[in-house]
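Asker: Once you've had a glance at the structure underneath, I'll fire off some questions.
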C-alpha cells in the first residue's frame with residue numbers, strides 16, 4: 001500500500017510541476033496576442049481560445065498535486081481543536097466523501113469524453129477548434145489523478161502510513 005501511495009504522489013508531483021509551466025506558455029501567448037493586436041493591428045483568431053484551453057488543462061491536471069502538497073483551501077478551525085484520533089477520523093470521513101464525489105465526476109465525465117471523441121466537438125468560434133473534445137478528455141484524466149490522490153490520502157489514514165514527500 002505504501003508503494004501505491006508513493007507512486008501516486010510521484011505521478012501527481014510530476015504532472016503538477018509540468019502544469020506549472022503551462023502558465024508560462026499562457027503568459028507568452030497573451031503577450032504575443034497583445035503585441036499583434038495593439039502594435040501591428042493584426043489580432044489572431046486562435047489565441048483567446050487556446051489560452052483558455054491551456055489554463056483549463058493546467059487547472060484540471062494540477063488538482064492531485066495541490067491535494068498532495070496540502071495547498072488547497074481548508075477551514076481547520078474545529079479540526080485544529082480536536083485530539084489527533086478524532087482529527088484522523090474527520091480527515092478519513094472527508095476523504096471518503098471526496099472519493100465518492102470525485103469518483104462520480106470521473107464516471108460521468110468519462111461518458112461525455114467518449115461521446116465527444118465519437119463526434120469530435122468543436123468550439124463553434126471563428127477558430128472552430130476541437131479543443132472542447134480535448135478539454136473533456138483532460139477533465140477525465142485530471143479527475144482520475146485527483147481521485148488517486150484522495151485514495152492515497154485515505155489509505156495513509158486507514159493503514160497509518162507515514163507520508164513521504
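Asker: For segment 29-75, which residues satisfy the criterion of being touching a helix residue (DSSP H, G or I) at 6+ places or on another chain (Cβ under 9 Å), more than 30 Å from residue 152 (Cα to Cα) and exposed (fewer than 11 other Cβ atoms within 10 Å of the Cβ)?
Answerer: 42
Asker: Taking segment 115-165 only, how many residues are assigned to a helix (DSSP H, G or I) and touching a helix residue (DSSP H, G or I) at 6+ places or on another chain (Cβ under 9 Å)?
Answerer: Within segment 115-165, residues that are assigned to a helix (DSSP H, G or I) and touching a helix residue (DSSP H, G or I) at 6+ places or on another chain (Cβ under 9 Å) number 32.
Asker: Of all residues in segment 91-129, how many are more than 20 Å from the chain's Cα centre (by Cα), within 28 Å of residue 154 (Cα to Cα) and surrounded by 15 or more Cβ atoms within 10 Å (Cβ to Cβ)?
Answerer: In the first step, residues of segment 91-129 are kept if they are more than 20 Å from the chain's Cα centre (by Cα); the result is 91-93, 115, 117-129.
Okay, now just the ones that are also within 28 Å of residue 154 (Cα to Cα), so 91-93.
Filter again for surrounded by 15 or more Cβ atoms within 10 Å (Cβ to Cβ), leaving 91-92.
So the answer is 2.
Every read-out reported here was derived from the displayed coordinates using simple, explicitly stated rules and does not represent laboratory data. All values reported here derive from a predicted model rather than from experimental measurement. Cβ coordinates were reconstructed from backbone atoms using ideal geometry, including for glycine residues, and neighbour counts include every protein chain displayed.
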